[in-house]
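Some notes on the structure that comes next.
The values are calculated or read from the model by the stated rules, or taken from the named source; none is laboratory data. These numbers were taken from a predicted model, which means no experiment stands behind them. Positions of Cβ are backbone-derived with ideal geometry, glycine not excepted, and every protein chain shown enters the neighbour counts. These area figures cover heavy atoms from the full protein model, side chains too; ligands, DNA and RNA do not enter into them. Shrake-Rupley method; radii C 1.70, N 1.55, O 1.52, S 1.80 Å.
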Amino acid sequence: MTLTKNRLTFDQFLNYDFPEEGRYELVNGEIMRIQATRKHDNVAEFITDTFKLEVKRLNLNYRVSGRITIRTLRKNGKEQGRVPDVSVVDKNLWDANLSAYTAFVEPLQLAVEIVSTNWEDDYIDKFEEYQMLGISEYWIVDYLAIGSRDYLGNPKEPKIFVYLLNDQGIYEVNSYKGTDKIISRTFPELNITVDQVFAA
């Protein structure tokens, strides 16, 4: 749902007086309200809780949240304001300015996007933006198998894609389905399967 008629800058987005609580992104100069189904929220919450348990269990120096805004750039240089469904950020980076409201311009450690009807945003736009920003690990969680057959196969199957940034700054992908255990660079001892995530 688009809120604005005039195109805004990134700074204007950060200082915008939103009419109500919720999650908003800046997309091509327009503020978009993000509305998710309960199933979508359940999956996001399961992943968030799982990551938080790993952080606590292994005493990792990360903060996990679903409310972190990041500034990304399109190939044309246009600034975007993104709010991943789940973000994992270095805790030192978080703690460096505890009074800040503004978005991170530094890359997250890990971003998770749960696919909804506008699947191209996650598979194409955010993929390019997160790669350019240098986010080390990017998950696309397509529990409804909404993406194209190019990604999901024929017939389409629900999958989780884990993209890892290589030394050249390019994402390399591993895809997981069913009883596959998800392999994460950020959480090397993670012990969950795709089915467990989708059953959330």
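What is the local net charge at residue 183, summed over the other residues whose Cβ is closer than 15 Å to its Cβ (Lys, Arg +1; Asp, Glu -1)? My count for the surroundings of residue 183 gives -1. Here the extension length gained between residue 92 and residue 167 equals 24.7 nm, from 0.36 nm per residue of separation less the Cα-Cα distance.
Computed over the chain with a Gaussian network model linking Cα atoms closer than 10 Å, the most mobile of 164, 53, 98 is 98. How large, in percent, is the carbon and sulfur part of the accessible surface of the stretch 17-90 at a probe radius of 1.4 Å? The C+S portion of the solvent-accessible surface of the stretch 17-90 is 43 percent. For the chain, a Gaussian network of Cα nodes joined below 10 Å ranks 139, 94, 119 by mean-square fluctuation, and the top entry is 94.
Volume of the convex hull of the stretch 110-163 (Cα atoms only), normalised per residue: 62 Å³. For the stretch 61-200, the Kirkwood hydrodynamic radius from C-alpha pairs, put into Stokes-Einstein at 20 °C and a viscosity of 1.002 mPa s, yields a diffusion coefficient of 137 µm² per second.
A simple spin-label model places pseudo-atoms 7 Å from Cα toward Cβ; at residue 128 and residue 45 they are separated by 3.5 nm. Where is the GNM fluctuation largest for the chain (alpha-carbon springs, 10 angstrom cutoff): 36, 100, 145? Answer for the Gaussian network model of the chain: 100. For the chain, DSSP calls about 85 percent of its internal beta bridges antiparallel. Against the compact-protein benchmark of 2.2 N^0.38 Å, the Cα-based radius of gyration of the stretch 1-139 scales to 1.03.
If R0 is 45 Å, the Cβ-Cβ spacing of residue 99 and residue 154 corresponds to a FRET efficiency of close to 0.30. For the listed peptides 17-28, 182-193, a ranking on the average number of other beta carbons within 10 Å per residue, highest first, reads 182-193, 17-28.
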